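J.: Before I ask anything, here is the structure I am working with.
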Amino acid sequence: MSAFPSMDSWSQNGGALIASASSVLRRQVLDRLHGRCHPVQQASGGADALEKLQKGSWQLLFVDRRLPDLDASEVIAISQRRFPDIQVVVLDSERDAVSMREKNANRQPAMTCAPESDSHADGARFEPLPGMIGSSTAMRQVYRMVRLVAPRPTTVLIAGPTGTGKELVARALHMLSPRSAKPLVIVNCAAIPETLLESELFGYARGAFTGAVQAQVGRIPAAHGGTLFLDEISELPLGMQGKLLRFLEQKEIQRLGTSESMRVDVRVIAASNVDLAARAMRGQFRQDLYYRLSTFPIELPPLAARQEDILPLAEHFLACMSAAMEMRTPQLSPEAARVLQSHSWSGNVRELQHVIERASILVENNDSIRPEHIYFPEAQHCENLKLVIPSEVTKP
C-alpha cells in the first residue's frame, strides 16, 4: 500500500470505519492506522457501512471504490450529507497495488471529480439502490421510481412477493430522502397482537389501562421528522385502518388515556405481499386507506422475472459471507451457475441467500461451489444433499 495520506491532523477522539469486501485490503488499512483511531470497525459493503455509520461516532471513512453492492460515490455522497464532518479516504486496489487518496469533506470525491453530464445524471437514476443488487430491466425501473419519489414526502406503497426486498426499498427511500438524519421506524403489522396495536402505534399515557405504570411513546411519534415503514400492511385490522387513515389525513394522533391531539411529521411507507387492491374490492381492506397509501406504488418483481440478476446476487452473498468469516471467497462453477439459473425461486432473493449460505458451508475448503453443494429444501431436490447424509445412515 502506498501514498497513504498524512495522519498528523487525525485525532484519536473519533473512530474509523473501513468499507471493503476484501479482508486483505481491510487488514492493510488496519496495519497503517496503528491504533490511532478508536474504535475501528469493518464493513463488508456499502449498505453495511451506511448502517454502521448510524451507530457510532466516526472521523474517518475508508471506502473501497469497488464495493460489492453499492457505487462508492453514492456511499460517499450519502455519508457526507448525513455526517458533514467525516473525512473520506478512497481505496483503490488495481493489479494488487493499493493506493489511497484523502478526499476533503467539502469537495467532490476523486473518482467523480469530473463534471457529470446530463446523460450521466440520467443514467445514475438506474444505478442499484443502497443495499440492492441487480441490473435487470425490471430492477432498473424500480431504482428509477425510488429515486424520483425519495426526495418528496409522498406516501409510497411497495408491493411484491415475500423475499423480494421490500424492506431494502423502504430503507433506500429513507436514506435518499431529506429525512435520512431522522429515525426510520419499522412496524411489522402482522407481528403485533391486535389488542396492542393502537398503544404500540400511538402510545399511551400513564394509567391509560391496567399495567400502564408509565407513559409510552408510540411508534408513530418516535418517527417524528423521519419515516414510518408499515410492513405487511394488509394484516392491519379494520378497526385500526380507520385510525391510521385519520392520522395520514390530519397528521395528528391521540395517545390512549388522553384527550389531547399531537401533531406528528412522519413520511409513511407501506408494504404488502398480497394484492391490496383485490382485498379492498372484497371489503377486507378499506378502499379509502388503500387509495391513500398507494399514492405512489412501486412493484417489486419476483426473482424469476429478473434472471440476469441471479448470478450477481449469488456472488454478492458469497462475497459478504466470506468477508464476515474472513475466508477466501469460493467461486461458482459453471455447472452450479446453471443449477441456480434453472431454479424457479419461489422464495425469491431470500431463498437464494439461504441457498448460497448453505453452499458456502458445504463447500468446506474447496475453491469452487459445485452442483452437489446446492441444496433446495423441496423433496424433488433432496438428491443434492449428498454431502450432508453419510452413506451409512441409509443402510438398513
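J.: Quick check on the stretch 330-344: of everything there that is among the polar types (S, T, N, Q) and free of Cβ contacts under 8 Å to residues at least 40 places away in the same chain, which residue is farthest from Leu67 (Cα to Cα)?
T.: Here the answer is Ser342.
J.: So, one more: Residue check: is Leu289 touching a helix residue (DSSP H, G or I) at 6+ places or on another chain (Cβ under 7 Å), crowded, with 16+ Cβ neighbours inside 10 Å and either within 26 Å of Ile361 (Cα to Cα) or outside the structural domain of Pro153 (by TED's automatic domain parsing) (or both)?
T.: No, not satisfied.
J.: Step by step: first the residues of the stretch 318-331, then only those that are in contact with an Asp or Glu (Cβ under 7 Å, 6 or more places away or on another chain) and not polar (S, T, N, Q), then the one that is nearest to Leu244 (Cα to Cα). Which residue is that?
T.: Met321
J.: Now for a different question. Going by what's in this entry, would Gln353 be described as exposed (fewer than 14 other Cβ atoms within 10 Å of the Cβ) and assigned to a helix (DSSP H, G or I)?
T.: no
J.: When the stretch 7-25 is examined, which residues are found to be at pLDDT 85 or above and touching a helix residue (DSSP H, G or I) at 6+ places or on another chain (Cβ under 8 Å)?
T.: Those that are at pLDDT 85 or above and touching a helix residue (DSSP H, G or I) at 6+ places or on another chain (Cβ under 8 Å): Ala16, Leu17, Ile18, Ala19, Ser20.
J.: Do you know which of the residues in the stretch 55-68 that are outside any strand (DSSP E or B) and closer than 19 Å to Val29 by Cβ is modelled with the highest pLDDT?
T.: Checked the stretch 55-68; the qualifying residue modelled with the highest pLDDT is Arg65.
J.: Still on this structure, I have one more. Take Met262 and decide whether it is surrounded by fewer than 13 Cβ atoms within 10 Å (Cβ to Cβ) and in the same structural domain as Ala191 (by TED's automatic domain parsing).
T.: Answer is no for this residue.
J.: From Leu157, Leu173, Leu129, grab the single residue that is crowded, with 18+ Cβ neighbours inside 10 Å and at pLDDT below 90.
T.: Leu129
J.: Here's a follow-up. Can you tell me which residue within the stretch 38-53, out of those that are in contact (Cβ under 8 Å) with a residue 12 or more places away in the chain and surrounded by fewer than 20 Cβ atoms within 10 Å (Cβ to Cβ), is nearest to Glu127 (Cα to Cα)?
T.: Among them, the one singled out is Lys52.
The values are calculated or read from the model by the stated rules, or taken from the named source; none is laboratory data. Remember, predicted model here, so these are calculated numbers, not experimental data. Heads up, the Cβs are rebuilt from the backbone with ideal geometry, glycines too, and the neighbour counts pull from every protein chain shown.
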